[in-house]
Amino acid sequence: MANIHMMLQGKGGVGKSLSAAMLAQYMHSKAAIPLCIDTDPVNATFHGYQALQVRRIELMEDDEINPRGFDALIDLVAQSTGDAIIDNGASSFVPLSHYLISNQIPALLEELGHQLVVHTVITGGQALLDTVSGFAHLASQFPEQTRFIAWLNPYWGPVEHEGKSFEQMKAYLANKERLSAIVRLPELKKETFGRDLASMLQERLTFDEALATPALTLMTRQRLKIVKRLVYGQLDAAMVL
């Protein structure tokens, strides 16, 4: 059975492409080379990672799903013998979610022997409530055979509201049975770890590419290794393969 990993979240700039790139790198490290696809009509960040060989597919046309592009995406995924990772943009969140559900894509993928895994990012700061609401919306709309993985991203602040952690929020308690795993991105000190990781992401480099860059200092490489181990350990626990 192949897992079809789809990044869905209605709020932009919260780390969907980061999560997709981390997941793809993790799979590469396990010699499980995934089919990587970027459908973001505005910011094709995932497509910028040359080492991951990400394909670009245009799904949107005049704020609506282009059936030809969508059909091409499903055909490509259906024919894949291994796992696939699909990064989607915030601007296509509503029409794509509706299209997936109305066309019964989770059931279709199950018939083909695949498992749909929806990854959604929950972030701290001003976008917290929007991202929590996006998760609750997805959990209520997608059928039971869909797996969910939440990525908690503390870059803009702690993932908590009025003293409550994500696991204490109503949205989580009402939908916790839908979540197969929670991936907690590490809190990084911006002056050191955060700056090193940000530089790597801006260059669209994988961990392995960055670590092989001669210009990096010994301590920069050490900090990137620590972040890599922390993230990969979370993905080990999430059993994404």
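The values are calculated or read from the model by the stated rules, or taken from the named source; none is laboratory data. Remember, it's a predicted structure, so these values are computed and weren't measured experimentally. Cβ sites come from the backbone with ideal geometry, for glycine too, and all protein chains shown count toward neighbours. Ligands, DNA and RNA are excluded from the accessible area calculation, which covers all protein heavy atoms including side chains. Shrake-Rupley method; radii C 1.70, N 1.55, O 1.52, S 1.80 Å.
Observations on the model:
- Restricted to the stretch 206-215, and to residues there that are in contact with a Leu (Cβ under 9 Å, 6 or more places away or on another chain) and within 23 Å of Tyr155 (Cα to Cα), the residue that is most open to solvent (accessible area, probe 1.4 Å) is Leu211.
- Near pairs, Cβ below 7 angstrom, 6+ apart or cross-chain, from the stretch 192-209 (free of Cβ contacts under 8 Å to residues at least 40 places away in the same chain) to any residue that is in a helix (DSSP H, G or I) and among the hydroxyl-bearing types (Ser, Thr, Tyr): Asp196/Thr220
- Within the stretch 190-241, considering residues that are within 21 Å of the chain's Cα centre (by Cα) and outside any helix (DSSP H, G or I), the one farthest from Ala150 (Cα to Cα): Glu203
- Residues of the stretch 24-49 classified as hydrophobic (A, V, I, L, M, F, W, C), open to solvent by less than 40 Å² (accessible area, probe 1.4 Å) and more than 19 Å from Asp63 (Cβ to Cβ), total: 7
- Candidate set: the stretch 137-191, residues that are among the small types (Gly, Ala, Ser) and open to solvent by 30 Å² or more (accessible area, probe 1.4 Å); chosen: the one farthest from Leu100 (Cα to Cα): Gly163
- Enumeration of residues in the stretch 222-241 that are open to solvent by less than 70 Å² (accessible area, probe 1.4 Å) and either more than 27 Å from Leu116 (Cα to Cα) or touching a Gly at 6+ places or on another chain (Cβ under 6 Å) (or both): Arg223, Leu224, Ile226, Val227
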